[in-house]
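The values are calculated or read from the model by the stated rules, or taken from the named source; none is laboratory data. These numbers come from a predicted model, not from an experiment. When we count neighbours, we look across all protein chains shown, and the Cβ atoms used for this are built from the backbone with ideal geometry, even at glycine. These area figures cover heavy atoms from the full protein model, side chains too; ligands, DNA and RNA do not enter into them. Shrake-Rupley method; radii C 1.70, N 1.55, O 1.52, S 1.80 Å.
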Amino acid sequence: MTLPHKVKIVEVGPRDGLQNEKETIPADIKIELVNRLTDAGFANIEAASFVSPKWVPQMATSAEVMEKIRRKPGVVYSVLTPNMKGFEAALAAKADEVVIFGAASEAFSQKNINCSIAESIERFREVAQAAKQHKIRLRGSISCALGCPYQGEVEPEAVADVVRRLRDLGCDEIDIADTIGVATPQKVKAVMERAAREFPIERLSGHFHDTYGQALANIYASLEVGISIFHSSVAGLGGCPYAKGATGNVSTEDVLYMMQGLGIETGIDLNAVVDAGQFISQHLGRKAVSRAGNAIAAKRQA
Ligand code: HMG
Ligand code: MG
C-alpha cells in the first residue's frame, strides 16, 4: 500500500513526557518547552493534564502552564480530563481539546483511573457532553491496546469494544496506545485494522512508547495500513506512573527524521525540535533519549 504523503504529529512531551519525572519541574521550564514546540511548527501539542495532584504531582502546575504559554492561532493545545473536575479546569484554562483516557484492560483501568472500563465510560459521558456543548474538540485515548503490565495479552476485540464506546461518546479522534511499548509490527497492523472497522482510519492515531525499541517499526507498520496521526515526545521523554518499567514515548526527533526520509510531510522543523530536546534534557540533567536528536546535535558540534 502507498504510504500517506502527509501526517499529523501530536507532541505529547509536556504531558506524557514530563508527568513521570520525580523532581518537580518549575512551570517556567514547562512553559518554555511548550513555546519552543509551538515555534517548531506542531499543529497539536498535549500541554497539560487536569488530574488529581495526589495521583500525579508533576501535573499540579497545569493551570499555570496553560495560562502562560504563548499560543499560536490554529495550534490545538490539548489537556487530559478524567472527569468533570478536570473538564472544568480545562474549560477555565481555555484548552482547545480535552482528552478522556480509558483502557482496553480492566486491571490497568483500575490502577490508572481507579475504576472499571464501564465506569470510566460513564464518567466520560458527562465530560463528552460538556465538551460538545462548549464546542471543544474531544479525543479518546485507549491505554494498553497492545499489551498490559498486569494482564499481559490484550485482544483486538477488547480494543474494538472501547473504540466503539468512545466513538459513541462523540470522540473526534481516538488514540490506540501501546502504553508499555511491547507491541511488534504485525500485531499493530492487526489492531489498527480492527479498530478501523469501528472508526474512520483518518481519525485514529498511533501512540507508541519505545520500551522494547519497536516504536519506529510500529509507526511504519501503521503507515502501511493508512494511519496518519502519531504521538511522540521530544527527547523521548516519559513513561507512565501506573506502568512500571515502561519508558518514554517514541522520540519526536526520530519520528521526524524517518518521515523526512520517507518524503512524508509533517510541517515541523526538525532542527527546532532537536533544540527543544536539548533544552529540556539539559534541564533534567541527562542526555536526550533520541538517537536522531543526539546525532544531529553531535554533528552540529563537530
Ligand atoms: P479517585 O481518587 O477515584 O477520585 O481518582 P475521587 O473523585 O474520589 O477524588 C479523589 C481526590 O482527587 C479528591 O480530592 C478530588 O477532589 C481530587 P480530596 O477531596 O481527596 O482532596 N480530584 C481531582 N483533583 C484535580 N483534578 C481532577 C480531580 N479529580 C479528582 N481532575 C482520578 C480518580 C481519575 C481523579 C485519579 O485516579 C487520577 O487523577 N488519576 C491520574 C491518572 C493519570 O493521570 N495517569 C497518567 C495519564 S494516562 C497515560 O499516561 C496514558 C496515555 O499516555 C496513553 C498511553 O500511553 O496509554 C494517555
Ligand atoms: Mg502514553
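Structural remarks
- Which numbered condition E23 fails, given (1) of a type in the set (D, E); (2) touching a helix residue (DSSP H, G or I) at 6+ places or on another chain (Cβ under 9 Å); (3) within 16 Å of ligand 1 (Cβ to nearest atom): (3)
Okay, residues lined up against (1) open to solvent by less than 10 Å² (accessible area, probe 1.4 Å); (2) within 27 Å of D178 (Cα to Cα):
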position: N20; (1), (2): no, yes
position: N44; (1), (2): yes, yes
position: R70; (1), (2): no, no
position: S78; (1), (2): yes, yes
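- Selected residue (only one of E224, E202 is over 30 Å from F87 (Cα atoms) and either basic (K, R) or open to solvent by 10 Å² or more (accessible area, probe 1.4 Å) (or both)): E224
- Residue check, G285 open to solvent by 10 Å² or more (accessible area, probe 1.4 Å), modelled with pLDDT of 95 or more, more than 16 Å from ligand 1 (Cβ to nearest atom) and out of contact with any helix residue (DSSP H, G or I) (no Cβ under 8 Å at 6 or more places or on another chain): no
- Selection of first residues in segment 274-289 that are without any contact (Cβ under 8 Å) to a residue 40 or more places away in the chain and of second residues that are assigned to a helix (DSSP H, G or I) and surrounded by 23 or more Cβ atoms within 10 Å (Cβ to Cβ), restricted to Cβ pairs under 6 Å at least 6 apart or on distinct chains, gives the following pairs, ordered by first then second residue: V274/E253; V274/G293.
- Answer residue from segment 205-221, given it is touching a residue at least 40 places away in the same chain (Cβ under 8 Å) and part of a strand (DSSP E or B) and is surrounded by the most Cβ atoms within 10 Å (Cβ to Cβ) among those: H209
- Per the conditions (1) within 26 Å of G147 (Cβ to Cβ); (2) more than 8 Å from ligand 1 (Cβ to nearest atom); (3) open to solvent by less than 30 Å² (accessible area, probe 1.4 Å); (4) small (G, A, S), the sole criterion not satisfied by A95 is (1).
- Single unsatisfied condition, A243 versus (1) of a type in the set (A, V, I, L, M); (2) within 16 Å of ligand 1 (Cβ to nearest atom); (3) under 14 Å from G17 (Cα atoms); (4) out of contact with any Pro (no Cβ under 7 Å at 6 or more places or on another chain): (4)
- A single member of F124, F50, F87, F101 is in contact with a strand residue (DSSP E or B) (Cβ under 7 Å, 6 or more places away or on another chain) and over 30 Å from D28 (Cα atoms), and it is F124.
- Any hit, segment 69-89, residues being acidic (D, E), more than 21 Å from G238 (Cα to Cα) and assigned to a helix (DSSP H, G or I): yes
- Among the residues of segment 138-185, those identified as in a loop (DSSP other than H, G, I, E, B), within 16 Å of ligand 1 (Cβ to nearest atom) and of a type in the set (V, I, T) are V154, T179, I180, V182.
- Counted residues, segment 22-49 - those being touching a Gly at 6+ places or on another chain (Cβ under 9 Å), within 16 Å of ligand 2 (Cβ to nearest atom) and not hydroxyl-bearing (S, T, Y): 2
- Neighbours by Cβ (under 7 Å, 6+ apart or cross-chain): first from segment 135-161, without any contact (Cβ under 8 Å) to a residue 24 or more places away in the chain; second assigned to a loop (DSSP other than H, G, I, E, B) and open to solvent by less than 10 Å² (accessible area, probe 1.4 Å): E153/G147
- Some residue of segment 27-36 being over 16 Å from W55 (Cα atoms), within 16 Å of ligand 1 (Cβ to nearest atom) and within 13 Å of the chain's Cα centre (by Cα): no
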